[in-house]
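Here is the structure we will look at, set down as structure tokens.
The values are calculated or read from the model by the stated rules, or taken from the named source; none is laboratory data. The model shown is predicted, which means the values in this text are computed figures rather than measured ones. All Cβ positions, even for glycine, are placed from backbone atoms using ideal geometry, and neighbour counts span all protein chains on display. Surface accessibility is based on the protein's heavy atoms, side chains included, excluding ligands, DNA and RNA. Shrake-Rupley method; radii C 1.70, N 1.55, O 1.52, S 1.80 Å.
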Amino acid sequence: MKNTLLILVAMFIGAFANATAHNVDANNYSFTPQVLSINQGDTVVWVNTGGFHNVNGVTNTITGMPFNNPESFTSSPVNAGNAILTHVFNIPGTYNYDCSVGSHAANGMTGTIIVNSMTTVVDVIVNSPDHNTLETA
């Protein structure tokens, strides 16, 4: 059992060691890509490639209702040529966000990040009936 636990911990740490950085461009009333699917532990960097924008993952600018994301994130507006926000997504789930500057969100400047769980493999191994017989290669 002790060896199994060590293997599972190593797998979990290894999954996060392979984290990837993803860029999202903010420009002309849009985020590109508008929908991004990433893995738990990955980083997203929003870069302003034109205009004056921010990233708002707290309250929907159009409806005034909370996004109810697994965790909130937000930034101050910045000018073109600057990174807007860098965020590491450690909690799986679907995150919605927009640009809350002026009428940018109403003009379509919205986005979604889908964070896939990296613990699925670990959960399957731990919950399998023969998890005590796990062997290393």
Is it the case, given these coordinates, that Met11 is open to solvent by 40 Å² or more (accessible area, probe 1.4 Å) and at pLDDT below 95? yes
So which pairs qualify, if the first residue must be in segment 21-32 and surrounded by 15 or more Cβ atoms within 10 Å (Cβ to Cβ), the second must be part of a loop (DSSP other than H, G, I, E, B), the Cβ gap must be under 6 Å, and the two must be at least 6 apart or on different chains? Tyr29/His104; Tyr29/Asn107; Tyr29/Gly108; Tyr29/Met109; Ser30/Met109
Filter segment 23-47 down to the residues that are closer than 21 Å to Pro92 by Cα and part of a loop (DSSP other than H, G, I, E, B) and list them by number. Pro33, Gln34, Gln40, Gly41, Asp42
Within segment 81-91, residues open to solvent by 50 Å² or more (accessible area, probe 1.4 Å) and in a loop (DSSP other than H, G, I, E, B) come out as Gly81, Asn82, Asn90, Ile91
What are the pairs with Cβ atoms under 7 angstrom where one residue, in segment 64-82, is over 19 Å from Gly102 (Cα atoms) and the other, located anywhere, is surrounded by 12 or more Cβ atoms within 10 Å (Cβ to Cβ) and aromatic (Phe, Trp, Tyr)? Sequence gap at least six, or different chains. Asn69/Tyr95; Pro70/Tyr95
Does segment 92-117 hold any residues that are assigned to a loop (DSSP other than H, G, I, E, B), surrounded by 14 or more Cβ atoms within 10 Å (Cβ to Cβ) and free of Cβ contacts under 8 Å to residues at least 60 places away in the same chain, and which are they? Pro92, Ser100, Val101, Gly102, Ala105
Return the residues of segment 48-73 that are open to solvent by 40 Å² or more (accessible area, probe 1.4 Å) and either in a strand (DSSP E or B) or at pLDDT below 95 (or both); say none if nothing qualifies. Thr49, Phe52, Thr59, Pro66
With respect to the numbered conditions (1) modelled with pLDDT under 95; (2) under 24 Å from Ser117 (Cβ atoms), which one is the sole condition not fulfilled by Asn28? (2)
